[in-house]
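All remarks here apply to the structure that follows.
The values are calculated or read from the model by the stated rules, or taken from the named source; none is laboratory data. It should be emphasised that the depicted structure is a prediction, and the values quoted were computed from it without experimental measurement. Quick reminder, even Gly has a Cβ in these numbers, built from the backbone with ideal geometry, and neighbours come from all protein chains shown.
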Amino acid sequence: MGEIPEKVIIQDKSIVVLPFVNMSNDQENEYFSDGITEEIINALTKVEGLKVIARTSSFAFKGKNLDVREIGQKLGVANILEGSVRKVANRVRITAQLINAKNGVHYWSKNFDRQIQDIFALQDEISLLIADQIRENFGHLDIQDHLIQASTRSVSAYEHFLKGRYHQLQWTAASLKQAIVQYDAAIAKDPEFARAYYGNLQCYGLLVIWGFIPAEEGMGKAIENFIIAKELDTELPEYPMSFVGRSLWKEWDFKEGYEYIQQTLAMNPKHTDALEAMAELFIATGYFDQAELFVKKALEVDPLSPNHHFTMANIFYLKQAFDIALHHIEKALRINPQFDHALRLKVNVLILLGKEKEVEALAEKFEESELIKLLDAIFNKRIARIPNEYLDEWKNLGGEIGEIMPYKLFILANSNCLDHAFKVLKRGVELRRGQLMNYRFEPFLQGLKEIEGFESLHQANFSLTGNEAWFAKEKPSQILDEKEADLLKEKLIRYFEKEKPFLDPQLNLNALGSKLELHPNKLSYLINDKLQANFNEYVNNYRLNYFKKIAINPRFNHLTLLALAYDSGFNSKTVFNSFFKAKEGVTPSVWLKKAKMEK
């Protein structure tokens, strides 16, 4: 099938924070540079109206020397933050550069050299500076006074926590166990470090789900960590998300799961795990349009997540739009060719499309290759009878589905063994097997719908009625009333004309707000809403007009055009030339020659 063309829309107020490079002599400090990157990503996601690419997609570029314009195009962002971290003894040195992804121009850079004790304040400072730069260049953002709060009083505990996150994000059984060791060390240093307890909770939960530790042992540890974390901090999104796994996937309590996902998204509207969970809840309850909306929200901030592309594929698979499902499966597999869930869904789609040769070739990747081929034969060649050796083996099959994809059930449901299939399905639903949560819409189980009792196997306790508009809610953007805005607009114009603050090349929104005794959020809104310009555009318009006045004044004939630009408040030759040409349609030298002739 040919590729479906997709247009990437790049939002001006958008950014990807690329993994900061570890410049320390000790390569084991990689955990620290990765941790700093993730903390800044998380901080920037708190700025409403700013699109921030999630960690998964950001770290897809780690160690790759790609042109920033290519990265910007792939992720649909206008800005890229890159930098490096050097940790030496009790000091940390961070360099950061903000780059225009459209043309590769660096328009902000800074070096920071601080005591490691100041790490939280430093992360907050960098995050605020980045958000301010984007606001000044691209338009209003409502930015909090602080984006990062110290989560522990112990820097040593924080370092253990970052090591734990580093290991956890490797997503292997061994690395999850290493993460627990580090989280425990963080807790030993600071018993009130809530994030470390939540980290342990996640790791133990995954180890149980994946079957790498006994369920009783793992759940006991998970609950133990949760009880302490709950007492310490319920304002973190990890708190409501910790209930989602139980209510949604373990108990199929969609109403309760919906409420906890809502709480998580209220804390962080860009929380990709919560967006993914909401999509899966809507899939299970048959609200496919709403599910697609939430996957799109997740993909907007995490476009290189194979899991989100898989979930989009699953929506179309369950809607029986198999060609579209296959398209999204291929997108997931381009990102991760070994993604097991996507490969298995692809097998299903190929069977349903009747592509026998492709099914046989792909089936060889799986231990269940013979089952896959049997399902294909029964479904497409209408072979109703299952070989006796399989029937004998499956005689007592009853809900204990030990397969990621329940091929045995699918085979039974498309043969002359419908009653047996229904019993297996019924027991699997009673046990709340995750593989069967979408059984109502599964294409291979459609033959069971006519059996009495199918509709009553499980009653979903969630309805969209009354909740339709929740995910489309918009917060009011007006932060100044009309009368106040008009008065402040006049005050701002008078100040610029009388005091000429634009001649200061270091003028920024915060400094101007301080002069006018106006919070920078209100000032930003005023300039963008009432004066229809972003901060830099507004200031540079004054600088441009000032330049034009002094450029034609004979008193300044001895100065170069660049010197005149600097005297007008511009601090970059590139910014001056590009802004001048955008406004006047010609270069400064051509304009000046014409202006002197007309004078």
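In the range 522-570, of all residues being out of contact with any helix residue (DSSP H, G or I) (no Cβ under 7 Å at 6 or more places or on another chain) and among the aliphatic types (A, V, I, L, M), the one that is modelled with the lowest pLDDT corresponds to Leu559.
Give me a count of the residues in the range 450-482 that are exposed (fewer than 11 other Cβ atoms within 10 Å of the Cβ) and at pLDDT 90 or above. Counting residues in the range 450-482 that are exposed (fewer than 11 other Cβ atoms within 10 Å of the Cβ) and at pLDDT 90 or above gives 5.
Residue count for the range 570-588 satisfying the condition of being surrounded by fewer than 12 Cβ atoms within 10 Å (Cβ to Cβ) and assigned to a helix (DSSP H, G or I): 1.
Every residue in the range 88-114 that is farther than 23 Å from Ser14 by Cα and either under 19 Å from the mean Cα position of the chain (by Cα) or at pLDDT 90 or above (or both), please. Lay out the reasoning, then the answer.
Of the range 88-114, the ones farther than 23 Å from Ser14 by Cα are 88-93, 112-114.
Once the filter is applied, which keeps residues that are farther than 23 Å from Ser14 by Cα and either under 19 Å from the mean Cα position of the chain (by Cα) or at pLDDT 90 or above (or both), the range 88-114 yields Arg91, Val92, Arg93, Phe112, Asp113, Arg114.
The residue list Glu584, Glu517 contains one member that is out of contact with any helix residue (DSSP H, G or I) (no Cβ under 7 Å at 6 or more places or on another chain) and of a type in the set (Asp, Glu), which is Glu517.
The set of residues in the range 343-379 that are of a type in the set (Phe, Trp, Tyr) and free of Cβ contacts under 8 Å to residues at least 60 places away in the same chain contains only Phe366. When the range 578-599 is filtered for residues that are closer than 15 Å to Leu562 by Cβ and not basic (Lys, Arg), the ones remaining, listed by number, are Ser578, Phe579, Phe580, Thr587, Pro588, Ser589, Trp591, Leu592. Only one entry in Gly76, Gly72 is touching an Asp or Glu at 6+ places or on another chain (Cβ under 9 Å), of a type outside the set (A, V, I, L, M), outside the structural domain of Asn571 (by TED's automatic domain parsing) and more than 30 Å from Val155 (Cα to Cα), namely Gly76. Note on the range 301-332: residues that are of a type in the set (S, T, N, Q), outside any helix (DSSP H, G or I) and under 23 Å from Leu350 (Cβ atoms) amount to 1. Where helices (runs of 4 or more DSSP H) fall entirely within the range 199-300, those with at least 1 residues that are charged (D, E, K, R) and either within 17 Å of the chain's Cα centre (by Cα) or crowded, with 18+ Cβ neighbours inside 10 Å (or both) are at 215-232, 238-244, 272-284. For the range 83-97, indicate whether the set of residues that are crowded, with 21+ Cβ neighbours inside 10 Å, assigned by TED's automatic domain parsing to the domain that holds Phe59 and under 13 Å from Val16 (Cβ atoms) is non-empty. Yes - at least one qualifying residue is present in the range 83-97.
Quick check on this structure: which one of Lys319, Lys250 is at pLDDT below 95 and charged (D, E, K, R)?
One residue alone meets the criteria, Lys250.
In the range 566-598, what residues are in contact (Cβ under 8 Å) with a residue 12 or more places away in the chain and basic (Lys, Arg)? Lys583, Lys596, listed by residue number. Would you check which residues across the range 505-543 are in a helix (DSSP H, G or I), over 19 Å from Ser568 (Cα atoms) and among the acidic types (Asp, Glu) and list them? Passing the criteria: only Asp529.
Condition check for Ser151 on (1) of a type in the set (Gly, Ala, Ser); (2) assigned to a helix (DSSP H, G or I); (3) touching a helix residue (DSSP H, G or I) at 6+ places or on another chain (Cβ under 9 Å): one failure, at (2). Please determine whether any residue of the range 325-334 is at pLDDT 95 or above and β-branched (Val, Ile, Thr). Yes.
Sort out for me the strands (runs of 3 or more DSSP E) sitting completely within the range 1-114 that have 3 or more residues that are small (Gly, Ala, Ser).
77-88
The residues of the range 174-198 that are surrounded by 17 or more Cβ atoms within 10 Å (Cβ to Cβ) and among the polar types (S, T, N, Q), listed by number, are Gln178, Gln182.
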